[in-house]
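The values are calculated or read from the model by the stated rules, or taken from the named source; none is laboratory data. This one's a predicted model, so the numbers in the text were calculated from it and none came from an experiment. With ideal geometry, Cβ positions are generated from the backbone for all residues, glycine too; neighbour counts draw on all protein chains shown. The area values use the complete protein model at the heavy-atom level, side chains included, leaving out ligands, DNA and RNA. Shrake-Rupley method; radii C 1.70, N 1.55, O 1.52, S 1.80 Å.
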Amino acid sequence: MYLTSAKTVENVNVHLAPYGKDKLLLSWESLKNTKCSAGTCSGTFTGTHLRLVDWSGRFVSADKVVSARITGDIAVLKDSALTWAYAPATPAYGTPLTGASPTTTTLRIARLTP
């Protein structure tokens, strides 16, 4: 399944989680003006995309693009809400990653309810 057909956009950090009784939440980060070499891509971070899909993989919503990153595991709560922790820092993909990360002293918790 292709997330997009834009040839100048790279999609990274793809996550999938159950959302309600009959949908899945698909999330990914996008980078524009990418250059890839040996499995490493650099480019400009353009946001995290959220899209609902059904269990057969058919898209059931348009993309919602948010500035928050969803890079870790998404937890499913007892009430079917989704939650994840994230650091409110814009990633820098201008050059290949060297192990250094953006620094912040803030951790946020996001919650999405069906």
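Annotations for the structure displayed:
- Surface exposure of the chain, expressed per residue as accessible area with a 1.4 Å probe, stands at 65 Å².
- Remark: C-alpha extents of the chain on the principal axes read 41, 37, 21 Å, sorted largest to smallest.
- D (Stokes-Einstein, µm²/s), Kirkwood Cα radius, the stretch 1-63, 1.567 mPa s at 4 °C: 103 µm²/s
- Inter-label distance for D54 and D22, nm, one decimal - labels placed 7 Å from Cα along Cα-to-Cβ: 0.7 nm
- Accessible-area composition of the chain, carbon plus sulfur, in percent [1.4 Å probe]: 54 percent
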